[in-house]
1. Quick check on the stretch 151-166. Is at least one of its residues closer than 21 Å to residue 47 by Cα, touching a Pro at 6+ places or on another chain (Cβ under 9 Å) and either buried (at least 23 other Cβ atoms within 10 Å of the Cβ) or among the aromatic types (Phe, Trp, Tyr) (or both)?
2. Out of all the residues in the stretch 183-193, which are surrounded by fewer than 21 Cβ atoms within 10 Å (Cβ to Cβ) and either touching a helix residue (DSSP H, G or I) at 6+ places or on another chain (Cβ under 6 Å) or on the phi < 0 side of the Ramachandran plot (or both)?
3. Pairs needed: first member in the stretch 1-23, assigned by TED's automatic domain parsing to the domain that holds residue 207; second member anywhere, of a type in the set (Asp, Glu); C-beta distance under 8 Å; at least 6 residues apart or different chains.
4. Output the residues belonging to the stretch 214-247 that are in contact with a Leu (Cβ under 9 Å, 6 or more places away or on another chain) and among the aromatic types (Phe, Trp, Tyr).
5. Scan the strands (runs of 3 or more DSSP E) fully inside the stretch 152-240 and keep the ones with 3 or more residues being over 26 Å from residue 98 (Cβ atoms) and in contact with a strand residue (DSSP E or B) (Cβ under 6 Å, 6 or more places away or on another chain).
6. Kindly provide the set of residues from the stretch 13-59 that are aromatic (Phe, Trp, Tyr), over 23 Å from residue 2 (Cα atoms) and touching a Leu at 6+ places or on another chain (Cβ under 8 Å), ordered by number.
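The values are calculated or read from the model by the stated rules, or taken from the named source; none is laboratory data. Everything numeric here is computed off the predicted structure, so don't read it as measured data. Here the Cβ positions follow ideal geometry from the backbone for every residue, glycine too, while neighbour counts run over all protein chains shown.
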Amino acid sequence: MSAPGVEVSELVVRFGDFTAVDRVSFTVERGEVFGFLGANGAGKTTTIRVLCGLLLPTSGSARVAGLDFSDGGKAIKSKVGYMSQKFTLYPDLTAGENLAFAAGLRKLDPGLARERTRELLDFIGFTPALTVLVRDLPGGFKQELALAAAMMHAPEVVFLDEPTSGVAPAGRVRFWELIYKLAGAGKTVLVTTHYMDEAERCGRVALMRAGKLIALDSPAALKREAFPKPGAAPSLEDVFVKLVEGADR
């Protein structure tokens, strides 16, 4: 039986006297779409940086794609794909040049890079010409191309940090179809989002507040637990307000 895509146990990350992540534990299975919710500064992005091998934990343990941090996270970096909430493609390069640059960063053999480019363009259903400048693409196509760049090295675990921020509703729906395709292909997908309708699409959702994991379950179970009164029909946004924001009021 294969190991989970992500295993986190009592993870702590401190910056001086500030504790950004406070004894967080969770497991994400392969093929699962796992949502991370929390206000800005809750610790979501710091946790993801650890799991991408970009930041070493202060204490606790984490395994990603079956690998730990015994080598400082170097091996983990080859197993993960990361799509930042900040647009990372180069607007003055063409779509093809951006993908070639991503392949170069991963030191892919030219033949493999061309093969992966064809596969990924087919995967995202990219219809514009590869010669188009990225700055001239609609927002949805830009994000899909950024996903393709993050997937160039065929990672096993994919981290998507606010991937549809600023994208039109139709583009968001299309992007989530790609997320489900990734999960269906056996990839482990972790998504942070501020859109509650997107969080509803996740198999399970983790709620973070002030560095702590305060709730973890399916959207339906979280709603039942937060609002157990018979006949209640809360939304996930109601749960978020009650558990995450309500504690600050």
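1. Going through the stretch 151-166, the residues closer than 21 Å to residue 47 by Cα turn out to be 151, 155-165.
From what's left, touching a Pro at 6+ places or on another chain (Cβ under 9 Å): none.
Checked against the condition, which is being closer than 21 Å to residue 47 by Cα, touching a Pro at 6+ places or on another chain (Cβ under 9 Å) and either buried (at least 23 other Cβ atoms within 10 Å of the Cβ) or among the aromatic types (Phe, Trp, Tyr) (or both), the stretch 151-166 yields no hits at all.
2. Within the stretch 183-193, 183, 184, 185 qualify.
3. 4/29; 5/29; 5/32; 5/156; 12/22; 23/10
4. 240
5. Here the list reads 204-209, 212-217.
6. Going through the stretch 13-59, the residues aromatic (Phe, Trp, Tyr) turn out to be 15, 18, 26, 34, 36.
Within this subset, residues satisfying the condition of being over 23 Å from residue 2 (Cα atoms) are 15, 18, 36.
36 - this is the single residue of the stretch 13-59 that is aromatic (Phe, Trp, Tyr), over 23 Å from residue 2 (Cα atoms) and touching a Leu at 6+ places or on another chain (Cβ under 8 Å).
Residue by residue, here is whether (1) modelled with pLDDT under 95; (2) outside the structural domain of residue 24 (by TED's automatic domain parsing); (3) charged (D, E, K, R) holds:
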position	(1), (2), (3)
59	no, no, no
66	yes, no, no
75	yes, no, no
99	no, yes, no
103	no, yes, no
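Rundown of residues vs (1) of a type in the set (Val, Ile, Thr); (2) over 30 Å from residue 3 (Cβ atoms); (3) touching a residue at least 40 places away in the same chain (Cβ under 8 Å), yes/no style:
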site	(1), (2), (3)
69	no, no, no
89	no, yes, yes
100	no, yes, no
107	no, no, no
120	no, no, no
127	yes, yes, no
134	yes, yes, yes
